[in-house]
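In what follows, a single structure is set out as structure tokens and then discussed.
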Amino acid sequence: MSALATLACCLPLGIAGAVGALGLSVALEALRPWLIGIAVILLSVGLFQLYRGQRKCQRRSPLSLILFGLSATVVVAVMIFPQRVAELLAAIP
């Protein structure tokens, strides 16, 4: 009985969240080229900042290199395989 009560409590919120995400994705689809362009510009700024710091006798943090590489990988994956990335995100429980 408690499982059904929990399901009845949380299910409407899950449905509302899914509908909200769907509406947001439809609204942002028209802006997709602009958002990808902004992401590429911001990655370029990040790359510039990573290599500009090398001239100041400071070592780059391995974590910053890993995070930059991960960010670049995500942006490239979304640019090249948008449907596959959406399928992977939808499969996450």
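Take the residues of the stretch 43-53 that are over 14 Å from MET79 (Cβ atoms), surrounded by 11 or more Cβ atoms within 10 Å (Cβ to Cβ) and of a type in the set (A, V, I, L, M, F, W, C): which is modelled with the highest pLDDT?
Checked the stretch 43-53; the qualifying residue modelled with the highest pLDDT is LEU47.
Among all residue pairs at least 6 apart or on different chains, which show Cβ distances below 6 Å where the first residue, located in the stretch 16-44, is within 26 Å of GLY69 (Cβ to Cβ) and the second is open to solvent by 60 Å² or more (accessible area, probe 1.4 Å) and assigned to a helix (DSSP H, G or I)?
From the stretch 16-44, the pairs are ILE36/MET79.
Restricting the search to the stretch 17-42, which residues are farther than 19 Å from ALA86 by Cβ and either modelled with pLDDT under 75 or touching a helix residue (DSSP H, G or I) at 6+ places or on another chain (Cβ under 9 Å) (or both)? Can you show your working first?
Kept after step one, since they are farther than 19 Å from ALA86 by Cβ, are these residues of the stretch 17-42: 37-38, 40-42.
Correct list: VAL40, LEU42.
Show the residue pairs meeting these rules: Cβ distance below 9 Å; 6+ apart or different chains; first residue within the stretch 59-87 and open to solvent by less than 80 Å² (accessible area, probe 1.4 Å); second residue assigned to a loop (DSSP other than H, G, I, E, B) and of a type in the set (A, V, I, L, M).
none
Exactly one condition in (1) surrounded by 10 or more Cβ atoms within 10 Å (Cβ to Cβ); (2) out of contact with any helix residue (DSSP H, G or I) (no Cβ under 9 Å at 6 or more places or on another chain) is false for ALA90; which is it?
Answer for ALA90: the failing condition is (1).
The values are calculated or read from the model by the stated rules, or taken from the named source; none is laboratory data. Bear in mind that the values here come from a model prediction, so they are computed numbers and not experimental data. As a convention, Cβ positions derive from the backbone with ideal geometry for all residues, glycine included, and neighbour counts pool all protein chains shown. Just so you know, the surface numbers come from the protein's heavy atoms only, side chains and all, with ligands and any DNA or RNA stripped out. Shrake-Rupley method; radii C 1.70, N 1.55, O 1.52, S 1.80 Å.
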